[in-house]
1. From the set of residues in the range 15-35 that are surrounded by 10 or more Cβ atoms within 10 Å (Cβ to Cβ) and within 10 Å of the chain's Cα centre (by Cα), which is modelled with the lowest pLDDT?
2. Residue 5 - would you say it is loosely packed, with under 10 Cβ neighbours inside 10 Å, at pLDDT 85 or above and outside any strand (DSSP E or B)?
């Protein structure tokens, strides 16, 4: 079922890089502590 504006995001984990350091971003680390905006950019940083 697709999410609608205002729906609570499901818990998820994504690989990320901060500077040179790899890390994992987890939604549960932010839930209830601060607002989160999710933005997805398909094909960013993908060779064309």
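The values are calculated or read from the model by the stated rules, or taken from the named source; none is laboratory data. The structure displayed is predicted, hence computed values, not measured ones. Positions of Cβ are backbone-derived with ideal geometry, glycine not excepted, and every protein chain shown enters the neighbour counts.
1. The extreme case among them is 16.
2. Taking the combined requirement at face value, the residue satisfies it.
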